[in-house]
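A.B. asks: Handing you this structure, nothing more for now.
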Amino acid sequence: MTLSQTRPISSAFDRNYVASTSPYSGVCDSDIKAIVAQGVEMIYHSGAEPYSVLHGVDLEICRGDFQLLMGPSGSGKTTLLSILAGILTPTAGSVCLMGQEITRMTRSQLAKFRLKNVGFIFQGFNLFPALTAAENIEVALKVKGVRGVQNRRKEALNLLDQVGLSNRVHHLPRDLSGGQKQRVAIARALAGNPYIIMADEPTAALDSQSGHAVIELLRQLAKEAGRTVLIVTHDPRLVDVADRITYLEDGILQS
Ligand SMILES: Nc1ncnc2c1ncn2[C@@H]1O[C@H](COP(=O)(O)OP(=O)(O)OP(=O)(O)O)[C@@H](O)[C@H]1O
Ligand SMILES: [Mg+2]
């Protein structure tokens with residue numbers, strides 16, 4: 001099984017599928033756009049003084065695009081990615097994913113929407129250390145509503161096969177290399193077949209060879225499996241395979 005054999009996502013995306021995943025009824029222009037952000041601002045209030053990180057970010061990403069978000073450390077990349085994924089709520093502005101305005105959804109609507117539509121790959125892998133590679137994915141499948149232990153096991157094995165880890169199914173994260181852990185994290189992000197994959201510095205902790213394998217996997221997700229892939233990175237190797245690069249500097253997008 002290869003990535004291209006997973007759920008086909010045609011350019012003629014079935015708008016009704018997304019609409020049916022959420023009781024939220026607002027639909028914005030979604031024919032070709034996977035991600036639309038308008039006027040996104042973010043002010044953190046956790047320090048002594050409010051800290052303004054994003055200053056009116058407008059961004060549009062087409063379906064099936066393999067796009068990078070780059071910029072200096074501290075420019076707000078992780079903050080923006082987290083907002084686009086619905087993990088953080090912006091101070092102002094709107095975000096539409098697959099035509100649905102997530103910034104107007106209730107918490108539970110957003111949680112349901114994200115489970116079906118967004119796979120997020122964290123820099124630090126975020127795997128459960130006491131669970132095997134397969135079990136880490138089975139947990140995600142359970143959260144995403146896949147019923148039955150046998151079904152979840154079958155799907156977890158299928159996903160591990162897709163990322164080339166059929167021979168590491170029963171390994172704990174501590175017994176996997178950095179690249180292998182990242183591939184488990186990618187397999188987990190693919191659980192439930194989300195349309196959009198977001199990754200925060202997915203190759204930062206990897207050696208050259210593992211980094212190449214992960215880059216190829218992410219490229220295949222966009223080019224063969226038709227997903228929209230947005231990656232925050234400092235890695236120049238990703239520049240060669242991306243469709244588009246957006247730069248963020250001091251919380252402002254540069255064209
Ligand atoms: N929860 C928070 N509370 C207050 N300030 C924060 C918070 N999270 C991030 N920041 C600040 O916001 C700014 C942007 O952080 P962010 O993590 O988005 O940057 P980044 O571009 O991802 O940087 P890096 O490339 O180093 O990962 C930084 O100055 C950071 O210290
Ligand atoms: Mg960051």
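Laboratory data are not the source of any read-out in this text; all were calculated from the coordinates shown. Bear in mind that the values here come from a model prediction, so they are computed numbers and not experimental data. Cβ placement follows ideal geometry from the backbone for every residue including glycine, while neighbour counts extend to all protein chains displayed.
A.B. asks: Using alpha carbons only, how many degrees (0 to 90, rounded to 10) separate the axis of helix 133-143 from the longest principal axis of the chain?
C.D. replies: 50
A.B. asks: Moving to a separate point now. Mean-square fluctuation check for the chain, GNM, Cα pairs under 10 Å: which of VAL146, VAL229, VAL40 is largest?
C.D. replies: Among VAL146, VAL229, VAL40, the largest mean-square fluctuation in the Gaussian network model of the chain belongs to VAL146.
A.B. asks: Calculate the length of the line joining the C-alpha centroid of the range 229-255 to that of the range 44-64, in whole Å.
C.D. replies: 16
A.B. asks: What are the ³J(HN,Hα) couplings of the range 111-122, residue after residue, when phi is run through the Karplus curve with 6.51, -1.76, 1.60 and θ = phi - 60°? Round to Hz, x for glycine and proline.
C.D. replies: Listing the rounded values in order: 4, 5, 4, 4, 4, 8, 10, 10, x, 10, 10, 8 Hz.
A.B. asks: Sticking with this one: Using Cβ counts within 10 Å as a stand-in for footprinting exposure, how do TYR51, TYR195, TYR247 rank, fewest first?
C.D. replies: Ordered by Cβ neighbours within 10 Å, fewest first: TYR51, TYR247, TYR195.
A.B. asks: Something else about it: Can you tell me the relative contact order of the chain? Whole percent, Cα pairs under 8 Å, sequence separation 6 or more.
C.D. replies: 29
A.B. asks: Would you mind estimating how fast the range 74-129 diffuses translationally, via Stokes-Einstein at 20 °C and 1.002 mPa s with the Kirkwood radius over Cα pairs, in µm²/s?
C.D. replies: Roughly 174 µm²/s, to the nearest whole number.
A.B. asks: In addition: Can you tell me the Rg and the Dmax, both Å, for the Cα atoms in the range 3-254?
C.D. replies: 17.6, 52
A.B. asks: Still on this structure, please answer the following. Could you give each residue of the range 224-240 its phi-based ³J(HN,Hα) in whole Hz, using Karplus coefficients 6.51, -1.76, 1.60 with θ = phi - 60°, and x for Gly or Pro?
C.D. replies: Those phi angles translate into 9, 9, x, 8, 8, 10, 10, 10, 8, 7, 10, 7, x, 5, 6, 4, 5 Hz.
A.B. asks: Calculate, axis by axis, the spread of Cα positions in the range 133-255 along the three principal axes, and write the results as whole Å, longest axis first.
C.D. replies: Ordered largest first, the range 133-255 gives principal extents of 48, 29, 27 Å.
A.B. asks: Right, something else. For the range 160-169, take each phi angle, set θ = phi - 60°, evaluate the Karplus expression 6.51 cos²θ - 1.76 cosθ + 1.60, and give the result in whole Hz per residue in order, putting x for glycine and proline.
C.D. replies: 3J(HN,Hα) across the range 160-169, in whole Hz: 5, 4, 4, 9, x, 10, 4, 8, 10, 4.
A.B. asks: Among rounded, prolate and oblate, which fits the range 73-204 when a ≥ b ≥ c are the square roots of the eigenvalues of its C-alpha gyration tensor, a/c under 1.5 means rounded, and a/b larger than b/c means prolate?
C.D. replies: oblate
A.B. asks: Turning to a different aspect of this structure: Is there a quick way to get the dipole size of the range 93-175? I mean about its Cα centre, with the Cβ of Lys and Arg at +1 and of Asp and Glu at -1; what is the value in debye to the nearest 20?
C.D. replies: 340
A.B. asks: Check which residues have an amide H placed less than 5 Å from GLY251's amide H, if you skip close sequence neighbours.
C.D. replies: none
A.B. asks: Within the chain, how many Lys pairs sit with Cα atoms under 26 Å apart, leaving out pairs fewer than 8 places apart on the same chain?
C.D. replies: The number of close lysine pairs in the chain is 25.
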